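The values are calculated or read from the model by the stated rules, or taken from the named source; none is laboratory data. Note that this is a predicted model, so its numbers are computed, not measured. Cβ: placed from backbone, ideal geometry, glycine included. Neighbour counts: every protein chain shown.
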C-alpha cells in the first residue's frame, strides 16, 4: 500500500515530479490567469461577431440594376464562352 500523499515531504515530491508547494501555487495561479485571459478573449470574439452581424445587416445589395435583370453566365459559362469566341 502507498503512503499518504503529503506535499511537505521530499519523498512525495520525488514521486510526483518534484514540484514544491510554492511551485504548485504558482502553477495554479498561472492556470487561473490563463483562464481569465481566455474568458476575455472569448468575450472579445463574441463582441466582434455581434458587430459583424450588425454591419452585414446594414449592407444593401450593391449590384447594379442591369446585373439584376441579366442572369450571370457563371464561371463555366464565361470560360466556355471565351474558348468558343462568344462573350
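Can you tell me which residue among 30, 11 is at pLDDT 90 or above and either touching a helix residue (DSSP H, G or I) at 6+ places or on another chain (Cβ under 8 Å) or assigned to a helix (DSSP H, G or I) (or both)?
Being at pLDDT 90 or above and either touching a helix residue (DSSP H, G or I) at 6+ places or on another chain (Cβ under 8 Å) or assigned to a helix (DSSP H, G or I) (or both) holds for just one of 30, 11, which is 30.
Among (1) assigned to a helix (DSSP H, G or I); (2) at pLDDT below 95, which single condition is residue 86 missing?
It is condition (1) that residue 86 fails.
In this structure, is residue 63 out of contact with any helix residue (DSSP H, G or I) (no Cβ under 8 Å at 6 or more places or on another chain) and modelled with pLDDT of 85 or more? Steps first, please.
Working: out of contact with any helix residue (DSSP H, G or I) (no Cβ under 8 Å at 6 or more places or on another chain): yes; modelled with pLDDT of 85 or more: no.
Considered against the rule, which asks whether it is out of contact with any helix residue (DSSP H, G or I) (no Cβ under 8 Å at 6 or more places or on another chain) and modelled with pLDDT of 85 or more, residue 63 comes out as no.
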